[in-house]
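A quick write-up on the structure given underneath.
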Amino acid sequence: MTFNDLIDRRGTYSSKWDKLEKLYGISPQDGLAMWTADSDYPSAPCVIEAVRKAADHGVFGYSWAHPDYLTSVQWWMKNRHAWDIDTDWVLTSQGLGNAIALCLDVWTEPGDGVVIFTPVYHEFAHKVNKSGRRVVECPLARQGDSYTIDLDDAQSRLDGTEKMLLWCSPQNPSGRVWTADELRAVAAFAERNGLVLVSDEIHHDLVYPGSTFVPMDVAAPAARPWTVTLTAASKTFNIAGQRTGNMIIPDPKLRAAMVHRLGTLDYAPSALGVAMIMAAYSPEGAAWVDEQVAHLDGNRKLFDAAIADIPGLWSMPLQATFLAWVDFSGTGMDHPEFIRRLREDAKIATSPGPGFGPGGETFERFNLATQRSRVEEACNRLKQAFSDLQ
């Protein structure tokens, strides 16, 4: 199958499609699900073949993050991101949402402040609040067509009770790829304030031509004593439902604390998830990712051109991710009105901008990891829903 072959995910227990009615009041029969960040096309053939092989074997017993799995992660980071890691650094989690919760549990206490730079992935604040910690919001600065980091402003917002910085690279929802200099500045900011730096790099494989992703550990290796990097194959290969991610922790002291916590939880990764990631992190998987990025590049260009044709709408140029960040402020409409048009007129489910924190009030996030025809349909619906502005 290709990235453009239509697949009906309705009735497959897909949260993205089968929760449309409940969450958005949009019927999945004629709605477009462009909210949660998974893809509408199949995973790489090598991953699907690994599942077939496992099914033919027929035994689904216990497994672990064995040396072959760890070596595949090591190979991927070296070959795709020029990042040399030791296999001993890699610990697994049940996805990166779980990894963030584990990091909060291990390195902070209830009431501690946790720094985030907004607008940012909504689960950062949700996880902090659910754990009884305190969200410290530091707005990113708008500069031209993108965001920049204002560390002086961020410093003024801290009171010394903060213990962790949750960092997003590439940035979600804006698709910003941070430079090595910016990453070093963030790492130094974390050191000055005694913060454990947790760098969520889940979208690191989906980077467009003209941009180069740099892992935090490559940019700032001196920051290893206070840095934890989170990675996963879930967004890249559309296997988020396998709930398997990595926590890459070079520092022995930090790593020992997490190993202890995982032991108390009696945690081990999914056998099927491990097999799928091993298949994904291969030359065959790498070639498929290159094809996917080319497909997504076409989708973003089509989408951005359509948004540019609608007066009052503006899409932030994507450097990475499949998540378009669209500003509706130019319409002069308040949030309830442009949301009404999106949901009732266009019947498109998007991720609400206010949920990403300060700076997201006039935005909506659109998932473009779908077939080209669905992106075209979304563009046509948006033009119709806002036709009075044209």
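Of note:
- Rounded to the nearest 20 debye, the dipole size of the chain about its Cα centre is 560 debye, using +1 on the Cβ of Lys and Arg and -1 on the Cβ of Asp and Glu.
- For ILE85, net neighbour charge (Lys/Arg +1, Asp/Glu -1) across residues whose Cβ lies under 10 Å away: -3
- Around ASP334: net Lys/Arg minus Asp/Glu count, Cβ-Cβ under 12 Å: 0
- For LEU32, net neighbour charge (Lys/Arg +1, Asp/Glu -1) across residues whose Cβ lies under 15 Å away: +1
- Cross-link partners of LYS163 among lysines (Cα-Cα below 20 Å; sequence separation of 8 or more within a chain): LYS127, LYS130, LYS253
- GLU109 versus ASP159: modelled label distance in nm, points set 7 Å from Cα along the beta carbon direction: 1.7
- Euclidean distance between Cα centres, the range 185-217 to the range 111-149, Å: 14
- Computed from point charges on the beta carbon alone (+1 for Lys and Arg, -1 for Asp and Glu), the dipole magnitude for the range 218-377 about its Cα centre is near 640 Debye.
- Spin-label proximity, LEU151 to the range 220-256 - amide N less than 14 Å from point 7 Å beyond Cα toward beta carbon: 220-223
- From the coordinates of this entry, Rg/Rh (Cα atoms, Kirkwood Rh) is computed, and it appears in (1) 0.95; (2) 1.05; (3) 0.93 under the label (1).
- Set of lysines with alpha-carbon distance to LYS301 below 17 Å, sequence-local pairs under 8 removed: LYS383
- Difference of contour (0.36 nm per residue) and Cα-Cα distance, LYS19 to SER373: 125.2 nm
- Our estimate of slack between VAL59 and GLN29, defined as 0.36 nm per intervening residue step minus the Cα-Cα distance, is 7.1 nm.
- Candidates per trypsin sites (Lys or Arg not before Pro) in the range 135-204, loop by DSSP, up to 15 other Cβ within 10 Å: ARG157
- Placing dummy labels 7 Å off each Cα toward the beta-carbon, the span from HIS126 to SER329 is 2.6 nm.
- Percent carbon-and-sulfur accessible area, the chain, ignoring ligands, DNA and RNA, probe 1.4 Å: 51
- Charge dipole of the range 247-390 about the Cα centre (unit charges at C-beta), most positive-ward option of GLN319, LEU265, GLN371: LEU265
- ASP251 paired with ASN79, simple spin-label distance in nm, labels 7 Å along Cα-to-beta-carbon: 3.2
- Cross-link partners for LYS16 among the lysines, with Cα-Cα distance under 19 Å and sequence neighbours closer than 8 places in the same chain left out: LYS235, LYS347.
- Low-density loop positions, chymotrypsin sites (Phe, Trp or Tyr not before Pro), the range 1-45 - DSSP coil, at most 15 other Cβ in 10 Å: TYR13
- Helical contribution to [θ] at 222 nm, DSSP H n ≥ 4, -39,500 (n - 2.57), averaged over the chain, rounded to 500: -11500 deg cm²/dmol
The values are calculated or read from the model by the stated rules, or taken from the named source; none is laboratory data. These numbers come from a predicted model, not from an experiment. Heads up, the Cβs are rebuilt from the backbone with ideal geometry, glycines too, and the neighbour counts pull from every protein chain shown. Each accessible area value is taken on the protein alone, full model and side chains, heavy atoms only, with ligands, DNA and RNA left out. Shrake-Rupley method; radii C 1.70, N 1.55, O 1.52, S 1.80 Å.
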